[in-house]
There are 2 protein chains.
Amino acid sequence: MSTSSSFIQGQLSPDLTQPLPGSRKAYLCGSRADIQVPVRQVLASDGGGQVLVNLYDSSGPFTDTPVDIRVGLAPLRESWITERGDTEPLAGVSSDFARQMAEETATMPRFASRRPLRRAKAGKRVTQLHYAQAGIITPEMEYIAIRENIGLEQARTEQRHRGQDFGATIPNAITPEFVRREVAEGRAIIPANINHPEAEPMIIGRNFRVKVNANIGNSSVSSGVDEEVEKLIWATRWGADTVMDLSTGRNIHHIREWIVRNSPVPIGTVPIYQALEKTKGIAEDLTWELFRDTLIEQAEQGVDYFTIHAGVRLAFVPLTVDRVTGIVSRGGAIMAKWCLAHHQESFLYQHFREICEICAAYDVSLSLGDGLRPGSIADANDEAQFAELRTLGELTKIAWEYDVQVMIEGPGHVPMQLIKENMDEQLKHCHGAPFYTLGPLTTDIAPGYDHITSGIGAALIGWFGCAMLCYVTPKEHLGLPNKDDVKEGLIAYRIAAHAADLAKGHPAAQAWDNALSRARFEFRWEDQFNLGLDPVRAREYHDETIPSPAGKVA
Amino acid sequence: MSTSSSFIQGQLSPDLTQPLPGSRKAYLCGSRADIQVPVRQVLASDGGGQVLVNLYDSSGPFTDTPVDIRVGLAPLRESWITERGDTEPLAGVSSDFARQMAEETATMPRFASRRPLRRAKAGKRVTQLHYAQAGIITPEMEYIAIRENIGLEQARTEQRHRGQDFGATIPNAITPEFVRREVAEGRAIIPANINHPEAEPMIIGRNFRVKVNANIGNSSVSSGVDEEVEKLIWATRWGADTVMDLSTGRNIHHIREWIVRNSPVPIGTVPIYQALEKTKGIAEDLTWELFRDTLIEQAEQGVDYFTIHAGVRLAFVPLTVDRVTGIVSRGGAIMAKWCLAHHQESFLYQHFREICEICAAYDVSLSLGDGLRPGSIADANDEAQFAELRTLGELTKIAWEYDVQVMIEGPGHVPMQLIKENMDEQLKHCHGAPFYTLGPLTTDIAPGYDHITSGIGAALIGWFGCAMLCYVTPKEHLGLPNKDDVKEGLIAYRIAAHAADLAKGHPAAQAWDNALSRARFEFRWEDQFNLGLDPVRAREYHDETIPSPAGKVA
């Protein structure tokens, strides 16, 4: 086994483990000792005294305790999962592919110290939706209630603007019961695979803070395990609430294991990408059996949500022929190709109930993919897109029959005046399931700056009710994002998400702006840097023109 | 006289003079030989053939013909101005300060080859508004009609989305008569000082393309004439439709001369900044006489619009006491200090009619400054801000009595849900005069990224009807922008302006997106780069991961 860098030795570089300047990690306790909710605390001077500003923190334990990535993160949810008594350990992996992988001679570093796999006992559904509908408040729900309230106590003493919520109903404080109810009604999901006990619970729903997803993933062109784990940690450091691993090429099974074991946030995947690797890239050779095996393989690794393009139906494919940019979703293109080659209905649509059964046995959430999303301004809001959206609404109801948590993916490229229609149609046809969009980009003219073209659209749709925003990096359409691009994309999207929280009137949102603005007005430069989304950049820019320490207090 | 760099020798660096990759400058002819409207032409292959994509071009002649900055640009409007017969050349400068400057021993390079100054003949008003109301279509208006229609012919064969215009009335094609009427009714302005004949005419109004302003300017801390002229050219290269020179410190009179003589776009200033230099920074020592002399000085140099904070009335100052960030506009703070020190009504308000008389004699447009704009999310849309806005509406009517062109400045820092109210109040109280906002920033939490926090707000308010967006660079709140920052700010704002044009349904806007999207879908990488806002960055990002030429055609 060759290890290509010191990283696989378990050492993390300091830029991943140093706390943000002026910030420290603290924990808020719940009703039981093992509910410990992380918070980014900034100590600022305000009104002559010292104040602690508490901020939501997605970065995991990396800045707090030394993490050996060969061992992975502590399984904080393990006891919650086992206590429920509805799962059982497995003797080994259930998928054929994972078995092959275990037997294969290693060509890359393997993640070694695996805990036993779990699956639902026969006849059990082990999803947070199932518990919620049964009236059970899980520790995950309590954890999330505490987490969503971060900063709220402080915010109570602050003036804030009234929001415009477009029908969202964000309460003044989030109770565990409120979390349960939102999940029970399908308006929010808690992506939390029982095989990913390392993840810190979080929620995606219109009546909670707007969340951000970052895509990472190697490709046949570049990067290996070290770089991908580093990108994962880097992404959570800069505010990724979930991370999608879109790796392709060989070794993705092993890379995914490294990622899941070290991820403090839910991990999403697009299983059809891996299935296609198994058919050596030939879409026509995909089969339900192969896809099913891939779902089980990934569910047992701990993937928290699957993007599945089950709404790309045979009949919708011709709707895309007059488009400027045809089908740009990779998953959508794969399924369209399969449907046309076989002239058959999509096997994802045909076998959707079996997909739900697998998800229910591991609590994998479904992210119903928008395979026909527009790839250009010209194609926004067309019939292909909305026909698929209506199908996703049908599938949502089926998933709910199996107690499977669902969110709905959305576009893409949409000019500003057409964004609201996307949210309205999603609300109308998808029964309140959370919306999760890629941008949308509000213009196509700026390759190299699509974090900005899409940050505008993301802020808008977040305001209108979209629950999670999939980031876009400056490299979109041009190449694979490196670490800097991941950070640029995340900061743009944290801005969009927070701007949306402010606009919706989230009760805790404005206190952060106020704290920073007071620092700014009082020329407390250190506080202004430290309270920022990116203290490092703020200081660096300041010091370029006014480097003296005197320049920071006056 | 010492010249600090080769730049003052008249040589421009290649990064200012090389055409954008794949682009060339062409000119569209008007009804007379001296109406030559510049256009950025990109040659792309599309549908098997070659197509020319015509784009609006603010960059001036620098990439086309060698410019010796010691000589300045050709005075393209000179004959139009003299033909009107309502102005006369002056024997010398009229302001005391300019006279002093001329007599002073040079401590820095002086711009030498000055043409004769002009002023309106006694009793004449030489503004575009005056001509428009008299029913005259000036060459400037015809020029603008051609310019605003760039790309329209091509766009006619393209599908496009219907816009949502919030009451704007953008015609299918802009006629010279339409330009005249919009100016006559005060809904648009053509900043075009008779002493700045070098500028290419452009228009600022809700029924035209959304425009972008870039602020440049030296300060006591850094930079001199060479750097500022370079920034000016750089800013127009990346899409600045107007440039404000916010220089402070000594030498600003001379730096301004260099800037105006080399500027293909209208130049705006905040004259109170220079007036304050003359009182050595003591606001209390400002007088109307000093200010008046400064206006004449700048009007004769050719400044196209003045930001004047005449709406900061004595009675409004106490409205800011409970704010989180008080008064953050520099001009506003200066005037508030003066009012409180003297316990008198602002001399700008008191002498507003005399200000208008000066403006009418040179066609300087007024940009009525928002001295009480909010400096934080917390302070958005408060009574201080709106009281001032209503006053600006009163002053608009007075300016129009003198045939002076007017636009209204707006905030600042505003959360998304409160942006529309700004536009609505402005429309309601300012009689349709164009709105010109700084951002607004939609959150305060991201120092170092305020081009993005504000790009979101700029796109929104542009959509709602704001006519010009004042850019914000990544250095906002932290330091002075360098060249890179100017470019980053401009690209973000060009994105915002174009996203707004798309959303309003500007008939020529979407053709650009379509051309780029087709190139993208057909993997015509060179076309995708060349059609982008920033071809250089797009190629660079692409080549980072896929550098081979083969990667550009497949």
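Identify the residue in region A:237-252 that is crowded, with 23+ Cβ neighbours inside 10 Å and under 14 Å from A:VAL225 (Cβ atoms) and, among all such residues, is modelled with the lowest pLDDT. Within region A:237-252, the match that is modelled with the lowest pLDDT is A:SER247. For region A:168-176, the count of residues that are out of contact with any strand residue (DSSP E or B) (no Cβ under 7 Å at 6 or more places or on another chain) and within 14 Å of another protein chain (Cβ to nearest Cβ) is nonzero. Residue selection: A:ARG539 fails the criterion of being in contact (Cβ under 8 Å) with a residue 24 or more places away in the chain, among the charged types (D, E, K, R) and farther than 29 Å from A:ILE216 by Cβ. Name the one entry in B:ASP46, B:ASP57 that is over 14 Å from B:PRO201 (Cβ atoms) and charged (D, E, K, R). Exactly one residue qualifies, and that residue is B:ASP46.
If you scan region A:512-528, which residues turn out to be more than 7 Å from chain B (Cβ to nearest Cβ) and surrounded by 24 or more Cβ atoms within 10 Å (Cβ to Cβ)? Answer for region A:512-528, where residues must be more than 7 Å from chain B (Cβ to nearest Cβ) and surrounded by 24 or more Cβ atoms within 10 Å (Cβ to Cβ): A:ALA515, A:ALA519, A:ASP527.
Please verify whether region A:162-173 includes one or more residues that are under 20 Å from A:TYR27 (Cβ atoms) and either surrounded by 22 or more Cβ atoms within 10 Å (Cβ to Cβ) or over 20 Å from the mean Cα position of the chain (by Cα) (or both).
Checking region A:162-173: at least one residue is under 20 Å from A:TYR27 (Cβ atoms) and either surrounded by 22 or more Cβ atoms within 10 Å (Cβ to Cβ) or over 20 Å from the mean Cα position of the chain (by Cα) (or both).
All conditions but one from (1) over 25 Å from A:ILE327 (Cβ atoms); (2) charged (D, E, K, R); (3) more than 7 Å from every other protein chain (Cβ to nearest Cβ); (4) surrounded by 21 or more Cβ atoms within 10 Å (Cβ to Cβ) apply to B:ASP534; the one that does not is (3). Between B:ALA112, B:ALA102, the distinction of being among the aliphatic types (A, V, I, L, M), surrounded by fewer than 16 Cβ atoms within 10 Å (Cβ to Cβ) and part of a loop (DSSP other than H, G, I, E, B) belongs to B:ALA112 only. Give region A:455-492 a look and list any residue that's more than 10 Å from every other protein chain (Cβ to nearest Cβ) and touching a strand residue (DSSP E or B) at 6+ places or on another chain (Cβ under 8 Å), or say none. Selection gives A:ILE461, A:GLY465, A:CYS466, A:ALA467, A:MET468, A:LEU469, A:CYS470, A:TYR471, A:VAL472, A:VAL486, A:GLY489, A:LEU490.
Screening B:ALA503, B:ALA497, B:ALA511 for residues that are closer than 24 Å to B:LEU16 by Cα and assigned to a helix (DSSP H, G or I) leaves exactly one candidate, B:ALA497.
Which members of region A:417-439 meet the condition of being surrounded by 24 or more Cβ atoms within 10 Å (Cβ to Cβ) and within 11 Å of chain B (Cβ to nearest Cβ)? The answer is A:ILE419, and nothing else. For B:GLU488, the criteria (1) over 24 Å from the mean Cα position of the chain (by Cα); (2) closer than 20 Å to B:ALA235 by Cβ; (3) without any contact (Cβ under 8 Å) to a residue 60 or more places away in the chain hold in every case but one, which is (1).
Does A:ARG119 satisfy the criteria of being touching a residue at least 40 places away in the same chain (Cβ under 8 Å), touching a strand residue (DSSP E or B) at 6+ places or on another chain (Cβ under 9 Å) and in a strand (DSSP E or B)?
Numbers: touching a residue at least 40 places away in the same chain (Cβ under 8 Å): yes; touching a strand residue (DSSP E or B) at 6+ places or on another chain (Cβ under 9 Å): yes; in a strand (DSSP E or B): yes.
It is true that A:ARG119 is touching a residue at least 40 places away in the same chain (Cβ under 8 Å), touching a strand residue (DSSP E or B) at 6+ places or on another chain (Cβ under 9 Å) and in a strand (DSSP E or B).
Need pairs with beta-carbon distance below 6 Å; first residue free of Cβ contacts under 8 Å to residues at least 40 places away in the same chain and closer than 19 Å to A:ALA145 by Cα and within region A:25-53, second hydrophobic (A, V, I, L, M, F, W, C) and part of a strand (DSSP E or B); sequence gap 6+ or separate chains. Close Cβ pairs satisfying both conditions: A:ALA26/A:VAL39; A:ARG40/A:LEU55; A:GLN41/A:ALA26; A:GLN41/A:LEU52. Candidates are the residues of region A:36-78 that are of a type in the set (Asp, Glu) and not in a helix (DSSP H, G or I); the one that is surrounded by the fewest Cβ atoms within 10 Å (Cβ to Cβ) is A:ASP68.
For region B:358-382, which residues satisfy the criterion of being outside any loop (DSSP other than H, G, I, E, B) and either within 14 Å of chain A (Cβ to nearest Cβ) or closer than 21 Å to A:ALA499 by Cβ (or both)? B:ILE377, B:ALA378, B:ASP379, listed by residue number.
Per-residue answers, yes or no, for (1) in contact with a Ser or Thr (Cβ under 6 Å, 6 or more places away or on another chain); (2) closer than 28 Å to A:ALA446 by Cβ:
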| residue | (1), (2) |
| --- | --- |
| B:ARG181 | no, no |
| B:PRO191 | yes, yes |
| B:PRO197 | no, no |
| B:GLU200 | no, yes |
| B:VAL210 | no, yes |
| B:TRP238 | no, yes |
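On the given criteria, is A:GLU148 within 25 Å of A:ARG40 (Cβ to Cβ), over 26 Å from the mean Cα position of the chain (by Cα) and not aliphatic (A, V, I, L, M)? Considered against the rule, which asks whether it is within 25 Å of A:ARG40 (Cβ to Cβ), over 26 Å from the mean Cα position of the chain (by Cα) and not aliphatic (A, V, I, L, M), A:GLU148 comes out as no.
Inside region B:349-369, residues that are within 24 Å of the chain's Cα centre (by Cα) and in contact (Cβ under 8 Å) with a residue 60 or more places away in the chain make up a count of 13. For region B:388-493, the strands (runs of 3 or more DSSP E) that sit wholly inside it and include 2 or more residues that are under 30 Å from A:ASP527 (Cα atoms) and modelled with pLDDT of 95 or more are B:435-438, B:468-470.
Sort through A:VAL324, A:VAL265, A:VAL312, A:VAL328 and tell me the only one that's touching a Cys at 6+ places or on another chain (Cβ under 9 Å), at pLDDT 95 or above and assigned to a loop (DSSP other than H, G, I, E, B). Don't jump to the end; show me each part of the working.
Numbers: A:VAL324 fails: touching a Cys at 6+ places or on another chain (Cβ under 9 Å); A:VAL265 fails: touching a Cys at 6+ places or on another chain (Cβ under 9 Å); A:VAL328 fails: touching a Cys at 6+ places or on another chain (Cβ under 9 Å).
Within the list A:VAL324, A:VAL265, A:VAL312, A:VAL328, the selection yields A:VAL312.
Here A:TYR273 meets each of (1) surrounded by 22 or more Cβ atoms within 10 Å (Cβ to Cβ); (2) at pLDDT 95 or above; (3) over 25 Å from A:TYR131 (Cβ atoms) with one exception, condition (1).
Confirm whether A:ALA508 is touching a residue at least 24 places away in the same chain (Cβ under 8 Å) and either among the aromatic types (Phe, Trp, Tyr) or within 21 Å of A:LEU152 (Cβ to Cβ) (or both). Considered against the rule, which asks whether it is touching a residue at least 24 places away in the same chain (Cβ under 8 Å) and either among the aromatic types (Phe, Trp, Tyr) or within 21 Å of A:LEU152 (Cβ to Cβ) (or both), A:ALA508 comes out as yes. Residues in region B:493-510 that are more than 8 Å from chain A (Cβ to nearest Cβ) and surrounded by fewer than 23 Cβ atoms within 10 Å (Cβ to Cβ): B:PRO507 alone.
The values are calculated or read from the model by the stated rules, or taken from the named source; none is laboratory data. It should be emphasised that the depicted structure is a prediction, and the values quoted were computed from it without experimental measurement. All Cβ positions, glycine included, derive from the backbone under ideal geometry; neighbour counts span all protein chains shown.
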